[in-house]
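Each remark here refers to the structure printed beneath this line.
The values are calculated or read from the model by the stated rules, or taken from the named source; none is laboratory data. Computed from a predicted structure; not experimentally measured. Note: ideal-geometry Cβ built from the backbone for every residue, glycine included; neighbour counts use all protein chains shown. SASA here: full protein model, heavy atoms, side chains in, ligands and nucleic acids out. Shrake-Rupley method; radii C 1.70, N 1.55, O 1.52, S 1.80 Å.
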Amino acid sequence: ADMLFAAGNYADAQMFYAESLERNPNRFRSLLGAGDSARLAGRDAEAREYYEQLLTVAPDSTREELEAVREYLAN
């Protein structure tokens, strides 16, 4: 998924992040990757779902990546 994302193939990357989450639910990097991929593929509703789940998993985290997620969800 990470390689597809880096190559700009966001739709396929999202699919592989989703498969990863089926095997290993609630993984931070997979949720973030799925959300970012969905957002960049123009799938805003799906991006919001992944981002909301990410904030549920790591509600008090101060990780830098979550600042952008919180800002996205606020808009």
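Cβ-Cβ contacts under 6 Å between residues 6 or more apart (or on different chains), taken from a first residue in segment 32-48 that is open to solvent by 60 Å² or more (accessible area, probe 1.4 Å) to a second residue that is at pLDDT 95 or above and of a type in the set (S, T, Y), are listed as L40/Y10.
When S61 is tested against (1) small (G, A, S); (2) modelled with pLDDT under 95; (3) crowded, with 18+ Cβ neighbours inside 10 Å, only condition (3) is not met.
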